[in-house]
Amino acid sequence: MAGIDKVVTVTIAVKDQDEALQWFTEKLGFEKRADMATPGLRWLTVAPKKQTEVEFLLAAWFPEHVGKNATCVVATQDCRKTYEELKDRGVKFSQTPAERPYGVEAVFADLCGNRYALLQHKAM
C-alpha cells in the first residue's frame, strides 16, 4: 500500500542560516547533516547526534514565520541535567524542569524565538 512512510524533515524558520547553524551546533550540540546551495535557496539541516531519521531544516526563506514555529518536542534521558548543561551554554529557558503527567519538561527558545519542549518521558 502506498502512503506516508515517515517524517524526515522539520522546518524551522530562521533569520540567518549561518547564525542558526552556529547556535544549534554550539548551544545544543547538534551536528550539520546537509548543506546544499542552489540559486536562491540553501538546504541546510542539523540534527542531534543520535537522531538518524529526522533533521531540522534551517530555512531563511520564511521571514514571516521566524519565532512563530509550533513548539517542537526534543527528548532527553535526564531533563534536569540537560537543562543545566544548556543553561550553562547560554540557552534561554522560559520554564525550568517541572513534573508533568507525561514526564519532566522544560521549555527553551532558539535564537529566533522558536520554542522547544525538552522532555524526559515518564517510564511506562
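Apply the Karplus parameterisation 6.51 cos²θ - 1.76 cosθ + 1.60, with θ equal to phi minus 60°, to every residue of segment 55-67 and state each ³J(HN,Hα) to the nearest whole Hz, in sequence, with x for glycine and proline.
Values, residue by residue: 10, 9, 8, 8, 9, 9, 9, 10, x, 6, 9, 4, x Hz.
Ignoring ligands, DNA and RNA, please state the percent of accessible area on the chain from carbon and sulfur, probe 1.4 Å.
Numbers: 4160 of 7820 Å².
Here it works out to 53 percent.
So I have (i) 46; (ii) 61; (iii) 55, and one of them is percent of Cα pairs over 18 Å apart calculated from this model. Which one is it?
Computed from the coordinates, percent of Cα pairs over 18 Å apart corresponds to (iii).
Please tell me which of these pairs span more than 21 angstrom C-alpha to C-alpha: Lys32/Lys81; Lys15/Lys92; Lys27/Lys50; Lys6/Lys50; Lys15/Lys81?
From the list (Lys32/Lys81; Lys15/Lys92; Lys27/Lys50; Lys6/Lys50; Lys15/Lys81), the Cα-Cα distance tops 21 Å for Lys32/Lys81; Lys15/Lys81.
Provide the per residue accessible area, probe 1.4 Å, for the chain, rounded to a whole number of square angstrom. Kindly include the intermediate steps, with their values, before the conclusion.
Numbers: 7820 Å² over 124 residues.
Roughly 63 Å² per residue, with all protein chains present.
Return one number: the angle in degrees, 0 to 90 and rounded to the nearest 10, between the long axis of the Cα atoms of helix 17-26 and the longest principal axis of the Cα atoms of the chain.
The angle comes out at about 30 degrees.
Taking only Cα atoms, what is the 0 to 90° angle, nearest 10, from helix 79-88's long axis to the longest principal axis of the chain?
It is inclined by approximately 60 degrees.
The values are calculated or read from the model by the stated rules, or taken from the named source; none is laboratory data. A quick note: this is a predicted structure, and the numbers were derived from the prediction, not measured. The accessibility values were calculated without ligands, DNA or RNA, using every heavy atom of the protein model including side chains. Shrake-Rupley method; radii C 1.70, N 1.55, O 1.52, S 1.80 Å.
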